[in-house]
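Student: Mind looking over this structure? Questions follow.
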Amino acid sequence: MHRMNPADGHNLPYWWSTALGVFSLLSLQDYVFILGALISAFFTIKTYYAKRKEERQRAEEDRARTQLLKKYLEEVRDTPHPDKPRTATVVAESLRMIKDEPLKVE
């Protein structure tokens, strides 16, 4: 087996020669385009995940707000009639109709 002699003018390693060969296949314009495409893809993916996180937080806020409103309306429904605000009475009656509960006449 014959070994390469580093003194015979072949000081360039094979991996470096391969890398230079690969990079010489495309022009500088091609590499700038590829770099731009990679940066664009990175920010697109980052924006996608940020939007998903924001939508998830918004849905959790809506759920919490709905639970608070439901709790308030149930409390208003159970309060005596003279102490109820008129708008709350209308909303409570609408909720009773939705639930098909019998309407109490006070």
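Student: Return the sequence-ordered ³J(HN,Hα) values of segment 49-66 in whole Hz as given by the Karplus equation 6.51 cos²θ - 1.76 cosθ + 1.60 applied to θ = phi - 60°, using x for Gly and Pro.
Tutor: 5, 5, 5, 4, 5, 5, 5, 5, 5, 5, 5, 5, 5, 4, 4, 5, 5, 5
Student: A further question on this structure: Which of Val76, Ala59, Ile45 sits farthest toward the positive end of the charge dipole of segment 45-84, with +1 on the Cβ of Lys and Arg and -1 on the Cβ of Asp and Glu?
Tutor: My answer, from the dipole projection, is Ile45.
Student: In terms of modelled amide H atoms, which long-range or inter-chain residues lie less than 5 Å from the amide H of Thr79?
Tutor: none
Every number in this text was worked out from the coordinates using simple rules, so none of it is lab data. Given the structure is predicted, the values throughout are model-derived calculations rather than measurements. All Cβ positions, even for glycine, are placed from backbone atoms using ideal geometry, and neighbour counts span all protein chains on display.
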